[in-house]
Amino acid sequence: MPSHLHFTSMTMGEISQAQALPLIGIMGGTFDPIHFGHLRMAQELAEALNLTEVRFIPSATPPHRDQPMTSAQQRADMVALAIADNPLFKLDTRELEREGYSYTIDTLQSLNEELQGQARLCLLMGMDAFAGITSWHRWEALLQFAHIVVATRPGATLPVSHTALDAWSQQHAIASAQLLRRQTENGILKQEITALDISATKIREHFAEGKTPRYLLPGNVLEYINQQTLYHQS
Ligand code: ATP
């Protein structure tokens, strides 16, 4: 089995072996801070896709956005606290240990090399992240390394019509979660989840306005934020 997962030119035996492989969800993000929107999405997708594990991978230097307000270590600490009681969820700090920009494609490639063909990857993301994917480094090559699973809210569509993205999504569309395993080529699945209108931006705004973000994120994460006086609390 190759060290990464290209499912072309395989024999029938290799195809059925690929279909029996466990699926691992990859949940990247800044997590500044992690909140119930992230956790609920990971939980619902894990159940819908029958994932054996979801890896939370905080990004060190995100190429596409403002730099985080907290250190890499603090964001990793918050993720560790948030997922501590869920045996399915794991923290993976490889992007924090790497120099320079965190490119998702490099992360997926290194994970595949480590897994040595013993599992397939599903890159999990919200529709907002997917809408911006064409600005990611080597975005069209992402499918060489993982399925892409886009968590959608009921009735949600791409916010703006984007020809390249629309064409790519249609060309690689996977119709149902069951087909993720059966299909030997990686593809793009849209999966409905419960809409939770929570964002890290809103949580940071709550702090800035002197309001509490209680009940938008786990209590132990909020305790950590207060102990460390993060997000401009005085
Ligand atoms: P910020 O507000 O700082 O941009 P965020 O809350 O969107 O942060 P990120 O760490 O940027 O969180 O997002 C990581 C991933 O989680 C992305 O794929 C994003 O689409 C997804 N995500 C964030 N919030 C939600 C939510 N409420 N429901 C579903 N997915 C979410």
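Output the residue which, of all residues in region 185-219 that are assigned to a helix (DSSP H, G or I) and either farther than 20 Å from Pro33 by Cα or more than 9 Å from the ligand (Cβ to nearest atom) (or both), is farthest from the chain's Cα centre (by Cα). It comes out as Ala208.
So which residues in region 141-153 are within 15 Å of the ligand (Cβ to nearest atom) and either within 14 Å of the chain's Cα centre (by Cα) or closer than 17 Å to Ser102 by Cα (or both)? Working first, answer last.
Of the residues in region 141-153, the ones within 15 Å of the ligand (Cβ to nearest atom) are 142, 146-153.
Answer for region 141-153, where residues must be within 15 Å of the ligand (Cβ to nearest atom) and either within 14 Å of the chain's Cα centre (by Cα) or closer than 17 Å to Ser102 by Cα (or both): Leu142, Ala146, His147, Ile148, Val149, Val150, Ala151, Thr152.
In region 158-175, the residue that is modelled with the lowest pLDDT out of those that are more than 19 Å from the chain's Cα centre (by Cα) and polar (S, T, N, Q) is Ser161. Restricting attention to region 31-61 and to residues that are hydroxyl-bearing (Ser, Thr, Tyr) and away from the ligand (no atom under 13 Å from the Cβ), the residue that is most open to solvent (accessible area, probe 1.4 Å) turns out to be Thr52.
For region 133-154, the criterion of being open to solvent by less than 80 Å² (accessible area, probe 1.4 Å) and over 21 Å from Ile105 (Cβ atoms) is met by at least one residue.
Could you list all residues from region 214-228 that are touching a helix residue (DSSP H, G or I) at 6+ places or on another chain (Cβ under 7 Å) and free of Cβ contacts under 8 Å to residues at least 40 places away in the same chain? Of everything in region 214-228, just one residue is touching a helix residue (DSSP H, G or I) at 6+ places or on another chain (Cβ under 7 Å) and free of Cβ contacts under 8 Å to residues at least 40 places away in the same chain, namely Arg214.
Looking across region 104-140, the residues that are within 23 Å of Ala175 (Cβ to Cβ), out of contact with any Asp or Glu (no Cβ under 9 Å at 6 or more places or on another chain) and away from the ligand (no atom under 16 Å from the Cβ) come down to Arg120, Glu140. Tyr103 falls short on exactly one of the conditions (1) open to solvent by 10 Å² or more (accessible area, probe 1.4 Å); (2) touching a strand residue (DSSP E or B) at 6+ places or on another chain (Cβ under 6 Å), and that condition is (2).
The values are calculated or read from the model by the stated rules, or taken from the named source; none is laboratory data. Nothing here was measured: the structure is a model prediction, and the numbers come from that model. Quick reminder, even Gly has a Cβ in these numbers, built from the backbone with ideal geometry, and neighbours come from all protein chains shown. In case anyone asks, the SASA skips ligands and DNA or RNA and just uses the protein heavy atoms, side chains included. Shrake-Rupley method; radii C 1.70, N 1.55, O 1.52, S 1.80 Å.
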